[in-house]
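Participant: The structure is given below, and queries will be raised subsequently.
The values are calculated or read from the model by the stated rules, or taken from the named source; none is laboratory data. Everything numeric in this text was worked out from a predicted model, so none of it was measured. Positions of Cβ are backbone-derived with ideal geometry, glycine not excepted, and every protein chain shown enters the neighbour counts. The protein model used for the area step is the full one, side chains on, heavy atoms only, and it has no ligands, DNA or RNA in it. Shrake-Rupley method; radii C 1.70, N 1.55, O 1.52, S 1.80 Å.
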Amino acid sequence: MRRPSGGPIRLTLGEIRVRALVGDRRRGQLLVGRAVFPCALGAGGIVCDKREGDGGSPRGRFRLRGGAYRPDHLAIRPRTLLPLRATRPADGWCDESRDRRYNRPIRLPAPGVSAESMWRDDGLYDVVIDLDYNRAPIRKGRGSAIFLHIARDGYRPTEGCVALARADLLRLLRRLGPRTHLRIG
């Protein structure tokens, strides 16, 4: 099938799902049609009432807002229909609920403000997708920065995000677009 412009049509997924494993709430499976990918969840498992610092992955259906990739760790920009930008060393994310920039990108250093660096040496944020959690409106203390990102070795728990093996996330990105949603729980 071809677009009127002559290029191939790329079919994107409408919804991908995440469920916790029976017996280990910190690990899960990401379901894409009949394909199943192992994933890491927050140390607190899937939670209904997410709070800042609880280590839980929020239950719900979230739009994929777009994301970022670390250009010095990837040979080429990942293929996706999602908006994706290159991260820079000064990129951060504010997780200080008392700050007006809470749950938003921030420039580092930010003296006196708790913020997470998006330019990580451990590779977890070499590719990161922002889930539309606690974004419109932003509610103080309800948790910030719920991402789809690269998993640690052994799928060790996240702070509340969903994490996949690098190869699985890069392959999945090709099928994600602005209308794709991630359902957790």
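Participant: If only one of S97, S144, S117 is within 14 Å of the chain's Cα centre (by Cα) and not hydrophobic (A, V, I, L, M, F, W, C), which one is it?
Facilitator: It is S144.
Participant: Name every residue in the stretch 74-118 that is open to solvent by 60 Å² or more (accessible area, probe 1.4 Å) and under 28 Å from T180 (Cα atoms), in order of residue number.
Facilitator: Answer for the stretch 74-118, where residues must be open to solvent by 60 Å² or more (accessible area, probe 1.4 Å) and under 28 Å from T180 (Cα atoms): A75, I76, R77, R79, L81, P83, R85, R88, R101, R104, P105.
Participant: Would you mind stating whether R27 is at pLDDT 95 or above, open to solvent by 70 Å² or more (accessible area, probe 1.4 Å) and under 15 Å from the mean Cα position of the chain (by Cα)?
Facilitator: Taking the combined requirement at face value, the residue does not satisfy it.
Participant: Inside the stretch 13-25, can you point out the residues that are of a type in the set (G, A, S), closer than 26 Å to R171 by Cβ and not in a strand (DSSP E or B)?
Facilitator: Of everything in the stretch 13-25, just one residue is of a type in the set (G, A, S), closer than 26 Å to R171 by Cβ and not in a strand (DSSP E or B), namely G14.
Participant: Now, a different point. If we only count strands (runs of 3 or more DSSP E) wholly inside the stretch 26-135, which ones have 3 or more residues that are more than 21 Å from D153 (Cα to Cα)?
Facilitator: The strands (runs of 3 or more DSSP E) meeting that bar are 60-69, 84-86, 91-94, 105-107.
Participant: Considering only residues that are polar (S, T, N, Q) and under 18 Å from P38 (Cα atoms), which ones fall in the stretch 115-159?
Facilitator: Across the stretch 115-159, the qualifying residue is only T158.
Participant: Something else about it: Give all pairs with beta carbons closer than 6 Å in which a residue from the stretch 145-169 that is at pLDDT 95 or above and small (G, A, S) meets a residue that is part of a loop (DSSP other than H, G, I, E, B) and surrounded by 22 or more Cβ atoms within 10 Å (Cβ to Cβ); count only pairs at least 6 apart in sequence or on separate chains.
Facilitator: From residues that are at pLDDT 95 or above and small (G, A, S), the pairs are G160/G56; G160/I146; A163/A151; A165/A151.
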